[in-house]
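Below is one structure; the comments refer to it alone.
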4 protein chains.
Amino acid sequence: MTLSRHARGVYAIAPTPFAADGALDLESVDRMVDFYAAAGVDGLTVLGQLGEAPKLDHAEALAVVRRVVDRAAFPVVVGVSAPGFAAMRSLSVAAMDLGAAGVMIAPPSSLRTDDQIVNYYAGAAAAIGADTPFVIQDYPLTFTVVMTPEVIRRIATDNPNCVMLKHEDWPGLEKISALRAFEEREAMPRLSVLCGNGGLFLDFETERGADGAMTGYCFPEMLVDVVKASAAGRRDEAHDLFDAHLPLLRYEQQPGIGLAVRKYVLARRGVLATDTQRTPAARLSSAAIAEVDYLLDRLARHDARAKVSS
Amino acid sequence: MTLSRHARGVYAIAPTPFAADGALDLESVDRMVDFYAAAGVDGLTVLGQLGEAPKLDHAEALAVVRRVVDRAAFPVVVGVSAPGFAAMRSLSVAAMDLGAAGVMIAPPSSLRTDDQIVNYYAGAAAAIGADTPFVIQDYPLTFTVVMTPEVIRRIATDNPNCVMLKHEDWPGLEKISALRAFEEREAMPRLSVLCGNGGLFLDFETERGADGAMTGYCFPEMLVDVVKASAAGRRDEAHDLFDAHLPLLRYEQQPGIGLAVRKYVLARRGVLATDTQRTPAARLSSAAIAEVDYLLDRLARHDARAKVSS
Amino acid sequence: MTLSRHARGVYAIAPTPFAADGALDLESVDRMVDFYAAAGVDGLTVLGQLGEAPKLDHAEALAVVRRVVDRAAFPVVVGVSAPGFAAMRSLSVAAMDLGAAGVMIAPPSSLRTDDQIVNYYAGAAAAIGADTPFVIQDYPLTFTVVMTPEVIRRIATDNPNCVMLKHEDWPGLEKISALRAFEEREAMPRLSVLCGNGGLFLDFETERGADGAMTGYCFPEMLVDVVKASAAGRRDEAHDLFDAHLPLLRYEQQPGIGLAVRKYVLARRGVLATDTQRTPAARLSSAAIAEVDYLLDRLARHDARAKVSS
Amino acid sequence: MTLSRHARGVYAIAPTPFAADGALDLESVDRMVDFYAAAGVDGLTVLGQLGEAPKLDHAEALAVVRRVVDRAAFPVVVGVSAPGFAAMRSLSVAAMDLGAAGVMIAPPSSLRTDDQIVNYYAGAAAAIGADTPFVIQDYPLTFTVVMTPEVIRRIATDNPNCVMLKHEDWPGLEKISALRAFEEREAMPRLSVLCGNGGLFLDFETERGADGAMTGYCFPEMLVDVVKASAAGRRDEAHDLFDAHLPLLRYEQQPGIGLAVRKYVLARRGVLATDTQRTPAARLSSAAIAEVDYLLDRLARHDARAKVSS
């Protein structure tokens, strides 16, 4: 299973499960993989920003990759962003050896000009090797690096192993349209475009030409259903389901505490044994927990899957 | 009418109306003031970030203030953020002379440390004069200045003319709780807290202790109704109405093109003669216009006020 | 006198003189203009970053321009950077009416991509009008906007009224070489390149092809002599004089307190009546004053002009 | 040898030597350690920003530490800055096991408020363990994190294993004075303060109370002599030597290409076998090389140690 420019559907961003004492919780990893499989995802991404990757050391990172790849029947993408190419190459080679389908690379926040960004990805593409497919993570809100459609076109054209865009620019709808327009007039090779940014615009992103979602919302079933309904042209159905989830999704998409919300819900859903994060971490206050519970109750009136045992 | 630390309700952020040729459209200003009055707002804020204030020269800015103050039966807050205190003072004095209720001040993006922020507001408070009440605009996403609750406590304590917080930190719910906790144990004087950030968390902000909203969503009626329902303890009603608007509200809250969405809807609603912005401006593509129209149609099924003539 | 693409020599960045009570000190303006004339400068730039422009209101800004233009026998450039094009146009039109030779425009710090920068300058060039020559201020350290040589090439090519680059990138020597190489193969029209950044690399910038300096070092005579010696091929002489001034120049080039150093020395030299800055301002401690005095004493051993009465 | 709050003198920042093919060059490491010993340094810092640490993988980083510690007769500080505490702890424990005297920690660029910075160092101090002394790297120009003297006071007070400040704020002289004033009135424990920022203000930093230098200028002999002369009260001698080196030092202190200059000179001095950097790296043009050679020739007239064979 190797990631290609024609990948479609939902690649869930997986959190990293920890036990209450902060140790890796590999049993929860197994349960989590099964949960995503049951939700119908097409792939999984591990060691992303919201996978607490920087809080793992090298050996732990590989232990997570191995456990996920061994259990999953779908492609696994591994985040390998690193301050330098040497560490990026080390992790990338190890991940691919373990059976990963590809890697994901975010830009360092020091990049500013178009050429700096293009050159950085040329260096990264060379560092990981031509046989390793990679995903561009385009998330200006977090990384402060702004990529124009033209910059993405150049990266995709220059590097045959660039196969996917994790699109999380905001606003970002016109960017999808611009990239698809480039492709139509053969100004660039096709990229698989999966959308992140918490899924906040997934309802329209699919209509603009995105191939699906790559994000970690705590109800991946919704992402799967919305992408399918939209692809099948059942527009109102897609929006109705999306809108029912939007109040919770918006709450989960807050910077910092968003991951706490996600882990809390996944623990309540029985996927994770605990909602533990490693430090530094934002934690939910009792008021915030009550707000999430209230949102779950309200959601359950529209989507029975949100009925979670208290 | 002078702004006080006990202000409550909804202060709408007003856009600045332009004719198709870019000239100030003062007739639309009148219509807009009447529209906000009919929507039940408690006040109006002009010359904010989304009021295209930097695109007006000094004389135009004062013309807008004069026209709004003359027509409005409610307090008017005027944005006076400026690169230096001299221009800030000039505009502030002129606005108060024209009958403004107070002014709003955003921090320059160069501020970093706690002391820098506190010192800046001390200088600004002195520049506008002790008799001029002011609003802190706390919007890290746009201004890149991060204020802890402690910093806001210090500013409110040091400067008697600091009366209100335009709260638009994200995430921001815990900040409201922290400030109200300071007040309860008399560690700081009361501040009026009105919430911005497009209203994206208004449903919970009121529950955390906010006094209302200061934002420019294109259906101010919703803001007014949610704040009232929440204050009256009709929680589900507040959330139901809020959730119905959330898909459109989320679309309008996009950086850059958000103002284009807002002006487009206000023009469709007959408030503005045109949706013209002065350059530089983001414009709506035909795809985006169709998306907004679709969202309006969907909203109208829940809220009849969203039925707008085509 | 209109600024052209062939301007050469030293354009001093003038501070704005204030009396001890913070009022504009127009008599010091006269003395200052005479001082720069005696130092042999080829032009003067007012209302720049280090001219405390944001601390002046509109009327004061014009008063400074009028006084300088009326007295100067050389071209005067006026800084017109503003948060929006309306205020920029107002100030620019007024300055040119008063007899300015051109205007200087710095980019707003929100610009990131190549296209954003090029588009901003297209908008600015249109706002000030085709008959008004302008200077690009390329100072990433302060403005956080990074312009590649290619971006500058595009701006210079697109806008006939773009005539000069105030070059203060750091490092910046290769940028000068790259621009001159563009010109040699006729890929862009000639730009006058005057160097800022406190003059910290002036010794080599002239050798790379710069036409001179536009900076505010407190001994403009040195800038004039170095540019002349370098242009005449007297390399060692240029470096010897430059090196003698470098310890003080480096001290003056500190962000924030640099302007305090500059005003202090100009006051000691009898040019300014006081070294007053308007708030907010960094002030020299007694330790810092003693350090500057020590540097002046050391400099006087190499350059008699640094002997200033105590 | 464990780093203490009373450390003094010069800790050179060591580059990482590579062979022409990019492999680690451990023989040059030996020669480099001998070179620094002959120059009279009091310690060495490896794997700093200018040690290309992010371009090494974990095994390579440890190989460098081992080789340096084994050969050096003075304390060795190891940079362990990392995106997360897990990797930081791994590298720190390994480095101390190999015989390092302490570690150096830079703040992640996402930190903004005073409390965020203090909390980050509390987490880092705990992660590396109470027995491992650490150095705060305070370099706002590169890391965009601004620490007030009060923040440094809090970190030094809260964490007994915080023993040293690598001071490279700019401007920074008043910060040294403020910290020493805190110490004098016993508001904080003593910190060893060694200055970086290329050494650009070392002449005055020692006079303000700094204990010495921690920087990588290509003539460490000058740093050693200046610190000694200043400590002995031979002020003019210290400044005379410093001023002679300032033109080259200023050239080497350019961001990006500064390391290329440093490696080039160290290669010309016979310390490094090659001036190779791993990608991404800024390289010297032929014009830049000629400029450095010219500066070396000029320096050699004042300091015979700068006579290097061509």
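The values are calculated or read from the model by the stated rules, or taken from the named source; none is laboratory data. The model shown is predicted, which means the values in this text are computed figures rather than measured ones. FYI the Cβ positions are ideal-geometry reconstructions off the backbone, even for glycines, and counts take in every protein chain you see. Calculation scope for accessible area: heavy atoms of the full protein, side chains included, ligands and nucleic acids excluded. Shrake-Rupley method; radii C 1.70, N 1.55, O 1.52, S 1.80 Å.
Points to keep in mind about this one:
- For segment C:179-187, the condition holds for at least one residue, the condition being that it is basic (Lys, Arg) and touching a Gly at 6+ places or on another chain (Cβ under 7 Å).
- Any chance B:Ala20 is in contact (Cβ under 8 Å) with a residue 60 or more places away in the chain, in a loop (DSSP other than H, G, I, E, B) and open to solvent by 30 Å² or more (accessible area, probe 1.4 Å): yes
- Among the candidates A:Val135, A:Val146, residue that is closer than 25 Å to A:Gln49 by Cα, touching a Lys or Arg at 6+ places or on another chain (Cβ under 7 Å) and assigned to a loop (DSSP other than H, G, I, E, B): A:Val146
- Residue within segment A:187-205 that is among the aliphatic types (A, V, I, L, M), open to solvent by 30 Å² or more (accessible area, probe 1.4 Å), closer than 20 Å to A:Ser4 by Cα and more than 10 Å from every other protein chain (Cβ to nearest Cβ) present: yes
- Applying the condition of being assigned to a loop (DSSP other than H, G, I, E, B) and touching a Lys or Arg at 6+ places or on another chain (Cβ under 9 Å) to segment D:96-111 and asking which residue is nearest to D:Ala124 (Cα to Cα) yields D:Ala106.
- Which numbered condition D:Pro255 fails, given (1) at the interface with another protein chain (Cβ under 10 Å from one of its Cβ atoms); (2) open to solvent by less than 10 Å² (accessible area, probe 1.4 Å): (2)
- Verdict on A:Glu221 being charged (D, E, K, R), open to solvent by 10 Å² or more (accessible area, probe 1.4 Å) and within 14 Å of another protein chain (Cβ to nearest Cβ): no
- For B:Ala213, the stated conditions do not hold, so it cannot be described as more than 9 Å from chain A (Cβ to nearest Cβ), of a type in the set (Gly, Ala, Ser) and open to solvent by 40 Å² or more (accessible area, probe 1.4 Å).
- Check on D:Lys228, away from every other protein chain (no Cβ under 14 Å), in contact with a strand residue (DSSP E or B) (Cβ under 8 Å, 6 or more places away or on another chain) and basic (Lys, Arg): no
- The condition of being more than 20 Å from the chain's Cα centre (by Cα) and either within 11 Å of another protein chain (Cβ to nearest Cβ) or under 26 Å from B:Met104 (Cβ atoms) (or both) holds for only one of B:Leu284, B:Leu248, that being B:Leu284.
- Here is the figure for segment D:184-226: residues that are part of a strand (DSSP E or B) and on the phi < 0 side of the Ramachandran plot total 7.
- In summary, C:Tyr120 fulfils each of the numbered conditions (1) in contact with a strand residue (DSSP E or B) (Cβ under 7 Å, 6 or more places away or on another chain); (2) surrounded by fewer than 23 Cβ atoms within 10 Å (Cβ to Cβ); (3) hydroxyl-bearing (Ser, Thr, Tyr) with the single exception of condition (1).
- Segment D:283-295, residues that are crowded, with 17+ Cβ neighbours inside 10 Å and not β-branched (Val, Ile, Thr): D:Leu284, D:Ala288, D:Glu291, D:Tyr294, D:Leu295
- Filtered residues of segment C:103-130 (kept if farther than 29 Å from A:Val151 by Cβ and touching a helix residue (DSSP H, G or I) at 6+ places or on another chain (Cβ under 8 Å)): C:Val103, C:Ile128, C:Gly129
- Test for A:Asp115: is it under 21 Å from the mean Cα position of the chain (by Cα), farther than 22 Å from A:Leu194 by Cα, open to solvent by 40 Å² or more (accessible area, probe 1.4 Å) and of a type in the set (Asp, Glu): no
- Residue tally, condition part of a helix (DSSP H, G or I), more than 25 Å from D:Thr144 (Cβ to Cβ) and open to solvent by 20 Å² or more (accessible area, probe 1.4 Å), over segment D:67-93: 6
- Here A:Pro255 clears all of (1) part of a loop (DSSP other than H, G, I, E, B); (2) within 20 Å of B:Phe242 (Cβ to Cβ); (3) touching a residue at least 60 places away in the same chain (Cβ under 8 Å) except the condition numbered (2).
- Qualifying positions in segment A:258-282 - in contact with a Pro (Cβ under 9 Å, 6 or more places away or on another chain) and more than 15 Å from A:Asp293 (Cβ to Cβ): A:Gly258, A:Leu259, A:Val271, A:Leu272, A:Ala273, A:Thr274, A:Thr276, A:Gln277, A:Ala282
- Flag if C:Val64 is over 30 Å from B:Gly256 (Cα atoms), open to solvent by less than 10 Å² (accessible area, probe 1.4 Å), of a type outside the set (Asp, Glu) and in a helix (DSSP H, G or I): yes
- Among the residues listed as D:Ala63, D:Ala39, the single one being farther than 21 Å from D:Thr279 by Cβ and either hydroxyl-bearing (Ser, Thr, Tyr) or touching a strand residue (DSSP E or B) at 6+ places or on another chain (Cβ under 8 Å) (or both): D:Ala39
- Only residues that are touching a Gly at 6+ places or on another chain (Cβ under 7 Å) and outside any loop (DSSP other than H, G, I, E, B) were counted across segment A:259-301, and they come to 1.
- Among residues of segment C:116-134 that are at the interface with chain B (Cβ under 9 Å from one of its Cβ atoms) and of a type in the set (Phe, Trp, Tyr), those with a Cβ under 6 angstrom from a residue that is open to solvent by 10 Å² or more (accessible area, probe 1.4 Å) and not in a helix (DSSP H, G or I), sequence gap 6+ or separate chain, pair up as C:Tyr120/C:Leu111.
- Residue list for segment A:259-270, filter: away from chain D (no Cβ under 14 Å) and surrounded by 21 or more Cβ atoms within 10 Å (Cβ to Cβ): A:Ala260, A:Val261, A:Arg262, A:Lys263, A:Tyr264, A:Val265, A:Leu266
- Every pair of residues 6+ apart whose Cβ atoms lie under 8 Å, when the first sits in segment D:137-160 and is within 12 Å of another protein chain (Cβ to nearest Cβ) while the second is open to solvent by 10 Å² or more (accessible area, probe 1.4 Å) and aromatic (Phe, Trp, Tyr): D:Pro140/D:Trp170; D:Leu141/D:Trp170; D:Pro149/D:Phe182
- The residues of segment A:53-66 that are within 18 Å of the chain's Cα centre (by Cα) and more than 8 Å from chain D (Cβ to nearest Cβ), listed by number, are A:Ala61, A:Val64, A:Val65.
- Residues that are closer than 24 Å to D:Val193 by Cβ and of a type in the set (Gly, Ala, Ser) occur at least once in segment D:215-227.
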